[in-house]
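What follows is a set of notes on a single structure, which appears directly below.
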Amino acid sequence: QVQLVESGGGLVQVGGSLRLSCAASGTGFSINDMAWYRQAPGKQRELVATIASSYRTNYADSVKGRFTISRDNAKNTVSLQMDSLKPEDTAVYYCHALVVRGSLSLQYSYWGQGTQVTVSA
C-alpha cells in the first residue's frame, strides 16, 4: 500500500504565504503525476496544480503567478508554495498521486487526507 501524508496547512492573513508538503510512503512503487486539489465549503473539488515526473507543471488560472508546485522524486514528495494568498484560497487542500506498483505495473490513484488552509481578511 501507499500512503500520502500532508502537512503545512493553517491560518494566514490576506497576502501571506503558506507551504504545503505531501510525502508518499510505502514500498515497491513509483510515482507519475502528482497534484494538489482543493475543496471549499459547498463547492466541488478543483485542480490547483499538477507536476509530472518530468517536472512539467500546470496551474489553474486562479493561482498562476502566486502558487508554485515542486517535487522531489528521490524523496517521493510534492510541495505547494502559496504566496499572495486571498480569502478565496480558503479550502481543504488535497495531495494526489498516480502511483505505479505491483507485478503488472498498474497505475493507481491515491489521495491524502487533506489539510485546511484558511485565509483571513
Output the residue which, of all residues in region 28-48 that are among the aliphatic types (A, V, I, L, M) and within 16 Å of E88 (Cα to Cα), is surrounded by the most Cβ atoms within 10 Å (Cβ to Cβ). V48
Of all strands (runs of 3 or more DSSP E) fully inside region 58-121, the set with 2 or more residues that are closer than 14 Å to V48 by Cβ is 67-72, 77-82, 91-101, 115-120
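Residue by residue, here is whether (1) in contact with a strand residue (DSSP E or B) (Cβ under 6 Å, 6 or more places away or on another chain); (2) closer than 14 Å to L4 by Cα; (3) aliphatic (A, V, I, L, M) holds:
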residue	(1), (2), (3)
A35	yes, yes, yes
R38	yes, no, no
Y59	yes, no, no
K64	no, no, no
W111	yes, yes, no
V117	yes, no, yes
What number of residues in region 14-27 are in contact with a Ser or Thr (Cβ under 9 Å, 6 or more places away or on another chain), open to solvent by 70 Å² or more (accessible area, probe 1.4 Å) and either of a type in the set (F, W, Y) or farther than 13 Å from S70 by Cα (or both)? 1
Being within 19 Å of V2 (Cβ to Cβ) and touching a strand residue (DSSP E or B) at 6+ places or on another chain (Cβ under 6 Å) is true for just one of L47, L98, L85, L106. Which residue is that? L98
By my count, strands (runs of 3 or more DSSP E) wholly in region 1-41 with at least 1 residues that are on the phi < 0 side of the Ramachandran plot and within 10 Å of the chain's Cα centre (by Cα) are 2-7, 18-26, 29-39
Under 8 Å between Cβ atoms, which residue pairs at least 6 apart in sequence (or on different chains) link something in region 103-116 that is over 30 Å from L11 (Cα atoms) with a partner that is of a type in the set (A, V, I, L, M) and part of a strand (DSSP E or B)? L106/V100; Q107/L98; Q107/V99; Q107/V100; Y108/V2; Y108/L98; Y108/V99; Y108/V100
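The values are calculated or read from the model by the stated rules, or taken from the named source; none is laboratory data. Computed from a predicted model, the values in this text were never measured in an experiment. When we count neighbours, we look across all protein chains shown, and the Cβ atoms used for this are built from the backbone with ideal geometry, even at glycine. Side chains included, ligands, DNA and RNA excluded: accessible areas come from the protein's heavy atoms. Shrake-Rupley method; radii C 1.70, N 1.55, O 1.52, S 1.80 Å.
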